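Step one of this worksheet: look at the structure below.
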Amino acid sequence: MHPYFYYRYPRNYNRRAIFSIDEPAPTMRGVNRPVPKGYPGHPNDACELGPSVRALTTAERALIQTFPPNFTWIGNKTDTEQMVGNAVPVKLAEFVANVFIAYIDEDVEKDGAGSGWLMEGFEEWLVGEKEYSGRSAKDVVSRCRRSERILRCVNRLDAYYVFLLQQQAEYQKLSGTVKSQIKRAVNLQLEYAAYLKR
């Protein structure tokens, strides 16, 4: 039986506890308790306490948090209630992620895909400004290109790029020395990007 009104355990009885399914849901708390026998009611409750008013089930609370109906929760009831209460609503997280993706894609369209444009003049800058030997400069460029192959999708070159690179399984399998060399090369490329903006 789906209620038209439901009880949400308040932090204290100075707050309302009965809500309508036709209004925005309150914040889901990490606790879910039944209506206590002595609940005095609140002037702002959506209706008076009656036999049809009940606390939502864990599954109903999870649906309000926009979890899919078939989502599997691992843990006891108390742990599950806590997870539901602590969760960011799934659809909100999806919306925020899509905004980030759109922002990154927009930057790609403006700047051109990849950081290949940063390779132009990079080797010469390493030799002239950073006093690298020609061979060392070529090695740095090679390591930057390797980072692009590992990441497979180069949308922008910034600190987030370095973070994403470090999360890749292929990068993590490399020896500590090679990882350090690639990271140093990418940081030099970031430095070169800042130099170009002067």
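Bear in mind that the values in this text are calculations on the coordinates, not laboratory data. Worth saying up front: this structure is predicted, and the values here are computed from it rather than measured. We place every Cβ from the backbone using ideal geometry, glycine too, and count neighbours over all the protein chains shown.
Side notes on the structure shown:
- Between 0 and 90 degrees, the angle of helix 90-111 with respect to the longest Cα principal axis of the chain falls at about 20 degrees.
- Residues whose amide H comes within less than 5 Å of that of ALA55, counting only those at least five positions distant or on another chain, are TYR7, VAL35 (H built at 1.01 Å from N in the peptide plane).
- Cα-centre dipole for the range 1-87 with unit charges at Cβ (Lys and Arg positive, Asp and Glu negative), debye to 20: 300 debye
- Considering only alpha-carbon pairs that sit under 8 angstrom and 6 or more positions apart, the relative contact order computed for the chain is 16 percent.
- Contact order for the range 126-187, expressed relative to its length and based on alpha carbon pairs under 8 Å spaced 6+ residues apart, stands at 37 percent.
- For the range 1-59 and the range 124-198, distance of Cα centres in Å: 56 Å
- The C-alpha atoms of the chain define a longest principal axis, and helix 134-151 lies at about 30 degrees to it.
- Measuring nothing but how far apart in sequence close Cα pairs (under 8 Å, 6+ apart) lie, relative to its length, the range 1-78 scores a relative contact order of 35 percent.
- Degrees, to the nearest 10: 176-196 long Cα axis against longest axis of the chain: 80 degrees
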